[in-house]
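Q: I'd like to ask some things about the structure below.
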Amino acid sequence: MARRLSVIGTGYLGATHAACMAELGYEVIGYDVDEAKIEMLRVGKVPFFEPGLPELLAKQIESGRLRFTTDITEVAEFGDVHFICVGTPQMKGSFAADLRYVYAAVDSLAPLLTREALVVGKSTVPSGTAAILAARIAKLAPGGDAVELAWNPEFLREGFAVKDTLRPERLVIGVESEHAEKVLREVWAPLTDLEIPLIVTDFATAELVKVAANSFLATKISFINAMAEICETTGADVVLLADALALDSRIGGRFLHAGLGFGGGCLPKDIRAFMARAEELGVDQAVAFLREIDAINQRRRARMVDLAREQVGGDFTGKRVGVLGAAFKPNSDDIRDSPALEVADTIHRDGGLVMLFDPEAMPNAKVRYPQLNYADSVIEACAGADVVLHLTEWREFRDLDPAVLSDVVASRHIVDGRNALDPKRWRDAGWTYRALGRP
């Protein structure tokens, strides 16, 4: 008989994980303390934008394999394997991760576990967290030694979360017993049967895999952005430079794309939490380079503002600025640590008249940045603009016809913060085209 699964926390990670595990054939119950969120999920509505997830969610609810609750007792009685998928945001006033939701999830679930169960952490946590949680479970769970902890980090990319769950590049499980390994091998058998690699580790290694991967990716992104800074001084073209580097098989082209830098709810806060934990452990020198990685990323935002200011004569006061993009990346409505919104808000505070459009992220942006002006279309955002800024590389922005925008702007100046537009096409249409790291 297949084990029944629960998912604790139904945010971006949890809702996706619940729907995908049901798609793999399991009976799944999703739990959250947020009643409004659970009510939305019960009727098949996703509280955020993720391509393919609404359809999958509705399909699995209709199948009867997936349901949602706010009753933790129901979760404990139902599940054999409990996935912890709550958030670990950056703590206010610190680089450290805020683990209150992880601890709360375990503290509410463990006292109700009276029989054999496996609690599986998927949240991104600092080194040593799993050992602490294992001790808490041992103390709180009436089921005693029959209740164990394992760690199974997630590697989802926003915009590709369903694919990354159902066809991941690898699975990593951190376990302390052969039994826990056996249970998770059974749970992930639908994927390992497809020859997806599964790596078995200890807790400490499993905790490190996600933050190490994100730190490496952040390093690669910031490296090419550092090269963009050099290119701007020497007159070199960072796009051609990246193309040449990508042909080196030791380097490769993925994440070697210069632009406005990274944002979102993972890379920035994960590398900062990594630095904070390394300092606590006394090995901060080992990851000291991450401070410069973070600084390079932040400098790209300031440079974007400078390029835009140059295009309007050195002063934003009274100038209309059309902003294309609010989400930190395309195919997402996530505005956490969004470079696009930080640039837009900086220009607004410098006296610019900002008009912004994004296909999906504007409802979230309006809550976080009510001081900005929002348009219903690209044309409205650019109407009368003295400069247009391309800040999130949505396909509809990449496919824009510069001749069409020429008829609505006040001045044909565009700054491409993502190096995703065709410079020749825009210049041929009479536009001044500028981009980060390009002549």
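The values are calculated or read from the model by the stated rules, or taken from the named source; none is laboratory data. Predicted model, so just to flag it, every value in this text is computed and none were measured. Note that we place each Cβ from the backbone using ideal geometry, even for glycine, and neighbour counts take in every protein chain shown.
Quick grid of which residues meet (1) touching a Pro at 6+ places or on another chain (Cβ under 6 Å); (2) closer than 19 Å to GLY417 by Cα; (3) among the acidic types (Asp, Glu); (4) not assigned by TED's automatic domain parsing to the domain that holds GLY265:
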{"site": "THR317", "(1), (2), (3), (4)": "no, no, no, yes"}
{"site": "LEU324", "(1), (2), (3), (4)": "no, yes, no, yes"}
{"site": "ARG349", "(1), (2), (3), (4)": "no, no, no, yes"}
{"site": "VAL387", "(1), (2), (3), (4)": "no, yes, no, yes"}
{"site": "LEU391", "(1), (2), (3), (4)": "no, yes, no, yes"}
{"site": "TRP394", "(1), (2), (3), (4)": "yes, yes, no, yes"}
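Q: Where the second residue is crowded, with 20+ Cβ neighbours inside 10 Å and not in a helix (DSSP H, G or I) and the first is β-branched (Val, Ile, Thr) and lies in the stretch 293-318, which pairs have Cβ atoms under 7 Å and are six or more apart or on separate chains?
A: The qualifying pairs are VAL312/LYS319; VAL312/ASP386; VAL312/VAL387.
Q: Let me ask you something else. Checking ALA258 against (1) surrounded by 15 or more Cβ atoms within 10 Å (Cβ to Cβ); (2) modelled with pLDDT under 95, only one condition comes out false. Which one?
A: ALA258 satisfies all of (1) surrounded by 15 or more Cβ atoms within 10 Å (Cβ to Cβ); (2) modelled with pLDDT under 95 except (2).
Q: Something else now. Evaluate the following for SER377: is it modelled with pLDDT of 95 or more, in contact with a strand residue (DSSP E or B) (Cβ under 7 Å, 6 or more places away or on another chain), farther than 16 Å from ILE414 by Cα and not assigned by TED's automatic domain parsing to the domain that holds PHE262?
A: Working: modelled with pLDDT of 95 or more: yes; in contact with a strand residue (DSSP E or B) (Cβ under 7 Å, 6 or more places away or on another chain): yes; farther than 16 Å from ILE414 by Cα: yes; not assigned by TED's automatic domain parsing to the domain that holds PHE262: yes.
Yes.
Q: Quick check on my filter: what residues within the stretch 123-148 are aliphatic (A, V, I, L, M), in contact (Cβ under 8 Å) with a residue 40 or more places away in the chain and outside any helix (DSSP H, G or I)? Reasoning before the result, please.
A: Residues of the stretch 123-148 aliphatic (A, V, I, L, M): 125, 130-135, 137-138, 140-141, 146-147.
Those left that are additionally in contact (Cβ under 8 Å) with a residue 40 or more places away in the chain: 125, 130-131, 134.
Hit for the stretch 123-148 is VAL125, nothing else.
Q: Report, by residue number, each residue of the stretch 226-254 that is assigned to a helix (DSSP H, G or I), crowded, with 16+ Cβ neighbours inside 10 Å and of a type in the set (D, E, K, R).
A: So the first thing to find is which residues in the stretch 226-254 are assigned to a helix (DSSP H, G or I), and the list is 226-234, 238-246.
In the following step, the residues that additionally are crowded, with 16+ Cβ neighbours inside 10 Å were identified as 226-229, 231-232, 238-239, 241-242, 245.
Answer for the stretch 226-254, where residues must be assigned to a helix (DSSP H, G or I), crowded, with 16+ Cβ neighbours inside 10 Å and of a type in the set (D, E, K, R): GLU229, GLU232.
Q: When you go through ARG167, ARG136, ARG100, ARG115 one by one, which is the residue that is under 30 Å from GLU393 (Cα atoms) and basic (Lys, Arg)? Explain how you work it out, then say what you get.
A: On the way: ARG136 fails: under 30 Å from GLU393 (Cα atoms); ARG100 fails: under 30 Å from GLU393 (Cα atoms); ARG115 fails: under 30 Å from GLU393 (Cα atoms).
Result: ARG167 is the single residue among ARG167, ARG136, ARG100, ARG115 that is under 30 Å from GLU393 (Cα atoms) and basic (Lys, Arg).
Q: Just give me the residues in the stretch 169-192 being farther than 19 Å from LEU133 by Cα and under 28 Å from the mean Cα position of the chain (by Cα), in sequence order.
A: Once the filter is applied, which keeps residues that are farther than 19 Å from LEU133 by Cα and under 28 Å from the mean Cα position of the chain (by Cα), the stretch 169-192 yields GLU169, ARG170, LEU171, ARG185, VAL187, TRP188, ALA189, PRO190, LEU191, THR192.
Q: Scanning for something surrounded by fewer than 22 Cβ atoms within 10 Å (Cβ to Cβ) and either touching a helix residue (DSSP H, G or I) at 6+ places or on another chain (Cβ under 8 Å) or in a helix (DSSP H, G or I) (or both), does the stretch 316-327 turn up at least one residue?
A: Within the stretch 316-327, not a single residue is surrounded by fewer than 22 Cβ atoms within 10 Å (Cβ to Cβ) and either touching a helix residue (DSSP H, G or I) at 6+ places or on another chain (Cβ under 8 Å) or in a helix (DSSP H, G or I) (or both).
Q: Could you check GLU154 against (1) assigned to a helix (DSSP H, G or I); (2) charged (D, E, K, R); (3) under 18 Å from the mean Cα position of the chain (by Cα) and say which number it fails?
A: Exception for GLU154: condition (1).
Q: Another one. Which members of the stretch 384-439 meet the condition of being among the hydroxyl-bearing types (Ser, Thr, Tyr) and surrounded by 16 or more Cβ atoms within 10 Å (Cβ to Cβ)? Show your work before the answer.
A: First, the residues of the stretch 384-439 that are among the hydroxyl-bearing types (Ser, Thr, Tyr): 392, 406, 411, 432-433.
Matches in the stretch 384-439: THR392, SER411, TYR433.
Q: Can we say ARG277 is under 25 Å from the mean Cα position of the chain (by Cα) and assigned to a helix (DSSP H, G or I)?
A: The answer is yes for ARG277.
Q: I've got another one for you. Cβ-Cβ below 8 Å, separation at least six or inter-chain, first residue in the stretch 170-189 and modelled with pLDDT of 95 or more, second in a strand (DSSP E or B) and loosely packed, with under 13 Cβ neighbours inside 10 Å: which pairs?
A: ARG170/ILE199; LEU171/ILE199; VAL172/ILE199; ILE173/ILE199
Q: Here are VAL28, VAL46, VAL33: which of them is of a type in the set (A, V, I, L, M), in contact with a Pro (Cβ under 7 Å, 6 or more places away or on another chain), in contact (Cβ under 8 Å) with a residue 12 or more places away in the chain and in the same structural domain as LEU112 (by TED's automatic domain parsing)?
A: Details: VAL28 fails: in contact with a Pro (Cβ under 7 Å, 6 or more places away or on another chain); VAL33 fails: in contact with a Pro (Cβ under 7 Å, 6 or more places away or on another chain).
Being of a type in the set (A, V, I, L, M), in contact with a Pro (Cβ under 7 Å, 6 or more places away or on another chain), in contact (Cβ under 8 Å) with a residue 12 or more places away in the chain and in the same structural domain as LEU112 (by TED's automatic domain parsing) holds for just one of VAL28, VAL46, VAL33, which is VAL46.
Q: Counting only residues that are surrounded by fewer than 18 Cβ atoms within 10 Å (Cβ to Cβ) and not charged (D, E, K, R), how many does the stretch 113-126 have? It would help to see each step written out before you state the result.
A: Of all residues in the stretch 113-126, those surrounded by fewer than 18 Cβ atoms within 10 Å (Cβ to Cβ) come to 114-116.
Then drop every residue that is not not charged (D, E, K, R), which leaves 114.
Matching residues across the stretch 113-126 total 1.
Q: Let me ask something else about it. In the stretch 30-44, is there at least one residue being under 22 Å from ASP164 (Cβ atoms) and hydroxyl-bearing (Ser, Thr, Tyr)?
A: No, that holds for no residue.
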